[in-house]
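Asks: This is the structure, below, for whatever I ask next.
The values are calculated or read from the model by the stated rules, or taken from the named source; none is laboratory data. These numbers come from a predicted model, not from an experiment. All Cβ positions, glycine included, derive from the backbone under ideal geometry; neighbour counts span all protein chains shown. Side chains included, ligands, DNA and RNA excluded: accessible areas come from the protein's heavy atoms. Shrake-Rupley method; radii C 1.70, N 1.55, O 1.52, S 1.80 Å.
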Amino acid sequence: MINPPNHFIMFDGQNLADWGLHISGDKTFGAPERDVDEVEVPGRNGTLTYDNGRFKNYDLEYEGGIVSDDTVDFEYKIRRLRSFLCSRYGYKRLEDTYHPDEFRLAKFVDGLDPDVTQLQGGTFDLKFDCKPQRFLKSGEEAIVMTASGSIFNFTDFETKPLIRCYGSGKFLVDRLTVTVTKPNTVPYVIIDSDIEDCYYDTTNLNSSVSLSTGDFPVLKPGATEIGLEEGITKLEIVPRWYTI
C-alpha cells in the first residue's frame, strides 16, 4: 500500500517527494544478516559457527509510486526521479519519515522499472544497498569534554567515534592512552576511528598521534572513562551511535 506524501524519502539531501513520490515503508523494519562461517566437522554433532564480528549489507526496499494529472507532468517527474537516482555514485545519506531519528548510508544500484498506467501514474520498487547500521542522529552531536569524565553508550553496539583534540599531551579512553603532538599550523587534530586516520582538513596528521595499544578509540556499550591529562584543553567526541 502506497502512503500519502506525508511519508517521504530524503536521499543525498534531496526530498524525493518533490517529484511526487509516494512511498510505503512496510519493508523497512528488518535487520541485516550477521556474517558467520559454518563448518561441518566429521565426528562432531552439530555445526561449528565462526563469527566474523560484522554484519552484512542490508537490502532496503520501498514500494513507491507517482501519480499525476496528465502525461506531460508524469513524464517530467519520473524522468527527474530516474535521472537523480541513477546519477548518485557510492554511499549517500538516506532518511525516511518512518524512522525520523535514524539515517542510513545507502547506494541506489538496482535501477527503476515502473509499472505505468495510462501514462499518468506508475508504481515501482525502490531498492537500496545499505550499510548494516541504522545510525542515530543523536550520535552526530559532539560531546564536549574539558575535564575528565565518562561517556555512556546506551546502545548495544560498540561505536567508532570521531574525536577532535585541542592541545598537545595525552588523553585516555578506558585503558587506551592517546598521545597527541599538535602542530602549530592546525587548531586541532581529528582522530577518526572509523577510517583509522588522523588529520585536519586535507593535512595528514598520523605522525602526530600515538596509540598505546595500536588500536583506535572505541565506545563500548555502557560507560567509557575519558581522562584528560595536562596539555589537552578540550575533546569534542562525535560518538556515532547506531543500532541494527
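Asks: Exactly one of these conditions fails for PHE157: (1) of a type in the set (Phe, Trp, Tyr); (2) over 15 Å from GLY139 (Cα atoms); (3) in contact with a Pro (Cβ under 8 Å, 6 or more places away or on another chain). Give me its number.
Replies: The failed condition is (2).
Asks: Further, regarding this structure: From TYR62, TYR58, grab the single residue that is touching a Cys at 6+ places or on another chain (Cβ under 9 Å), closer than 19 Å to GLU102 by Cα and at pLDDT 90 or above.
Replies: Exactly one of TYR62, TYR58 is touching a Cys at 6+ places or on another chain (Cβ under 9 Å), closer than 19 Å to GLU102 by Cα and at pLDDT 90 or above, namely TYR58.
Asks: Something else now. Just for strands (runs of 3 or more DSSP E) wholly inside the stretch 64-127: which have at least 1 residues that are under 24 Å from the mean Cα position of the chain (by Cα)?
Replies: 92-96, 102-108
Asks: I'd like the residue in the stretch 192-228 that is part of a helix (DSSP H, G or I) and in contact with a strand residue (DSSP E or B) (Cβ under 8 Å, 6 or more places away or on another chain) and, out of all such residues, is farthest from SER168 (Cα to Cα).
Replies: Per the stated criteria, the residue is ASN206.
Asks: Quick check: is even one residue across the stretch 135-142 of a type in the set (S, T, N, Q) and closer than 17 Å to PRO217 by Cβ?
Replies: no
Asks: Would you be able to tell me the number of residues in the stretch 63-106 that are open to solvent by 20 Å² or more (accessible area, probe 1.4 Å), over 29 Å from THR243 (Cβ atoms) and touching a strand residue (DSSP E or B) at 6+ places or on another chain (Cβ under 8 Å)?
Replies: The number of residues fulfilling the criteria is 3.
Asks: Same structure, new question: On the basis of being closer than 27 Å to GLU230 by Cβ and in contact (Cβ under 8 Å) with a residue 60 or more places away in the chain, does LYS127 make the cut?
Replies: Criteria not met by LYS127.
Asks: What number of residues in the stretch 229-241 are surrounded by fewer than 21 Cβ atoms within 10 Å (Cβ to Cβ) and in contact with a Leu (Cβ under 9 Å, 6 or more places away or on another chain)?
Replies: 5
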